Amino acid sequence: MTRHRTEAAALETALERARSSPLYAERLRGVSIREPEDLERVPLTTRADLQRAGVHGTRAVPLDRVCHYGETSGTTGASNSTWLTAEDLRGNARAIAARHPELFGPGRVLLNRFPFMAAPAHLIQLIAQEGGGISVPAGNINWDVPFPRALDLAITTGAQVLVSLPVEPIVLERLARERGLDPANATRFDAFFLGGAPLPPAMRARMAHVFGVRVVELYGSTETMLLGTGCPEGTLHLETDLVHVEVLECDRDAPVVPGREGRLVVTTLAIEGSPLVRFETGDLVRELAPCKCGDPRLGIVVLGRTADELRVAGAKLHPYDVIDVGAEAAASLDSSVFFVVVLRDRILVRIESETGGDPAARAESRLGVPVEIERVAANELLDVELLTRSPRVYKPVVLSDWQRPGRRIVSLNEGMIEWPKIGAAEAWRWLRRNLSRTSRRRRLLRSG
Ligand SMILES: [Zn+2]
């Protein structure tokens with residue numbers, strides 16, 4: 001069969017699967033795919049369509065075939081639902097493991113910091129179960145593994161791979177330095193597998209430098225599941241066996257000229273639970289030229305959500321590029337800790353650093369808008385003291401034996417969670433940082 005015919009057959013199978021869900025039963029009536037181009041006649045599926053369809057609207061299999069339910073975090077207030085079969089999860093896990101033998105293998109310790117609610121946390125667990133290593137379930141945004149404990153786990157287990165959101169290495173580096181440790185020597189990491197937020201080159205380069213690791217990008221979404229991973233050249237290649245991808249022009253539903261920016265539209269080829277047809281991911285991507293690594297699959301840069309495009313001093317900017325510039329400016333001041341504030345007339349990059357230098361000119365020439373660099377003291381942006389003092393959580397109890405040594409508690413609440421007591425000196429520092437932030441915010445608001 002020619003490639004064309006194979007592609008059309010894969011799409012036809014995907015549509016057939018989708019027809020079993022309430023969302024697509026009506027939409028796909030009478031549609032058949034003889035040529036891949038026939039797909040273009042199928043209407044796009046937006047996030048609003050998914051919300052209208054309801055919690056079970058995308059489910060194309062009976063509940064007794066489902067093993068996993070996922071929900072988007074709902075940054076816009078609404079959330080979407082995804083139902084997955086065991087084979088859906090296995091297919092994703094197999095694709096990642098097969099693509100990255102350097103990350104996963106017997107005996108490799110994987111510090112799994114993805115939040116439990118997010119599918120990647122479960123994919124890593126599956127990869128480990130299938131011989132890809134030892135998963136240490138240590139989801140963040142979670143009180144039982146606060147950041148200091150994550151660093152302890154990294155050190156004590158000798159983890160080789162950190163699997164997490166891109167902010168994690170920044171926090172772990174800060175905590176390590178606070179303890180007087182060199183991040184590269186204190187941990188045995190040789191690779192980071194990061195996803196869930198923009199990860200531009202300057203951020204990757206800084207992490208690679210600080211920890212002495214290889215940084216691999218993971219791209220996907222709750223609705224579509226795995227979309228791609230990074231290659232040794234740093235290119236994000238799309239998983240074209242799992243998804244059929246279209247890149248459409250920003251202002252009309254026509255394919256972009258190759259190499260231009262456009263909206264990413266995805267048809268899942270392998271998902272049984274909640275298959276999607278021409279799903280508008282909301283991500284703006286840039287197609288890349290064929291990659292030097294030899295992988296023929298399309299490489300892209302994910303520039304951010306179309307809805308998140310920034311407007312500064314009359315110019316349109318992508319969060320991806322702005323974060324890249326922020327990370328680069330911070331790195332030039334030997335820091336990983338930065339925070340970008342997008343104002344009407346300029347970009348303000350706040351950097352925790354005591355090193356001299358002024359990266360503003362370079363940043364301005366890259367972005368084409370005014371950039372202000374503000375150097376701030378340690379803990380102003382990332383308060384390590386506060387992170388170190390996160391609450392302790394316990395297995396809940398309904399009884400406390402005061403005759404034994406240990407905590408003497410009188411309530412269920414105390415049995416579950418213990419908030420740290422704050423000394424006067426610490427309270428004063430905390431108050432001072434809060435006041436400093438409040439006053440900075442006020443001055444920025446006044447300056448427009
Ligand atoms: Zn490549």
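The values are calculated or read from the model by the stated rules, or taken from the named source; none is laboratory data. Because the structure is predicted, anything quoted here is derived from the model rather than measured. Here the Cβ is made from the backbone with ideal geometry for all residues, glycine too, and neighbour counts use every protein chain on show.
Screening Glu374 with (1) at negative phi; (2) out of contact with any Leu (no Cβ under 8 Å at 6 or more places or on another chain) gives one miss only, at (2).
Taking the criterion of being of a type in the set (Asp, Glu) and assigned to a loop (DSSP other than H, G, I, E, B), the residues of the range 341-379 that qualify are Asp345, Glu354, Asp358.
Of the helices (runs of 4 or more DSSP H) lying entirely inside the range 112-223, those containing at least 2 residues that are surrounded by fewer than 18 Cβ atoms within 10 Å (Cβ to Cβ) span 147-157, 168-178, 183-186, 201-211. Per the listing Ala53, Ala60, the residue uniquely small (Gly, Ala, Ser), in contact (Cβ under 8 Å) with a residue 40 or more places away in the chain and more than 23 Å from Arg252 (Cα to Cα) is Ala60. Quick check: anything in the range 167-182 small (Gly, Ala, Ser), closer than 18 Å to Glu102 by Cβ and assigned by TED's automatic domain parsing to the domain that holds Phe104? Looking through the range 167-182, none of the residues is small (Gly, Ala, Ser), closer than 18 Å to Glu102 by Cβ and assigned by TED's automatic domain parsing to the domain that holds Phe104.
Restricted to the range 224-241, and to residues there that are under 16 Å from the mean Cα position of the chain (by Cα) and of a type in the set (S, T, N, Q), the residue that is surrounded by the most Cβ atoms within 10 Å (Cβ to Cβ) is Thr224. So for the range 314-334 (the condition being among the β-branched types (Val, Ile, Thr) and either assigned to a strand (DSSP E or B) or modelled with pLDDT under 95 (or both)), does at least one residue qualify? No, because not a single residue in the range 314-334 is among the β-branched types (Val, Ile, Thr) and either assigned to a strand (DSSP E or B) or modelled with pLDDT under 95 (or both). Pairs are defined by a Cβ separation below 7 Å, a sequence spacing of at least 6 or placement on different chains, a first member in the range 233-245 that is on the phi > 0 side of the Ramachandran plot, and a second member that is more than 13 Å from the ligand (Cβ to nearest atom); the pairs so defined are Gly234/Pro201; Gly234/Arg204. Scanning the range 283-313 for residues that are away from the ligand (no atom under 16 Å from the Cβ), among the acidic types (Asp, Glu) and assigned to a loop (DSSP other than H, G, I, E, B) yields one hit, Glu309.
Of all residues in the range 242-258, how many are in a loop (DSSP other than H, G, I, E, B) and either within 16 Å of the ligand (Cβ to nearest atom) or buried (at least 20 other Cβ atoms within 10 Å of the Cβ) (or both)? Before you say what the answer is, go through the steps one by one.
As a first pass, look at the range 242-258 and keep what is in a loop (DSSP other than H, G, I, E, B): 242, 249-254, 256-258.
Still in the running and either within 16 Å of the ligand (Cβ to nearest atom) or buried (at least 20 other Cβ atoms within 10 Å of the Cβ) (or both): 242.
Adding up the residues that qualify gives 1.
With respect to Leu218, is the statement that it is hydrophobic (A, V, I, L, M, F, W, C), within 30 Å of Glu272 (Cα to Cα), more than 16 Å from the ligand (Cβ to nearest atom) and assigned by TED's automatic domain parsing to the domain that holds Tyr69 true? It is false that Leu218 is hydrophobic (A, V, I, L, M, F, W, C), within 30 Å of Glu272 (Cα to Cα), more than 16 Å from the ligand (Cβ to nearest atom) and assigned by TED's automatic domain parsing to the domain that holds Tyr69.
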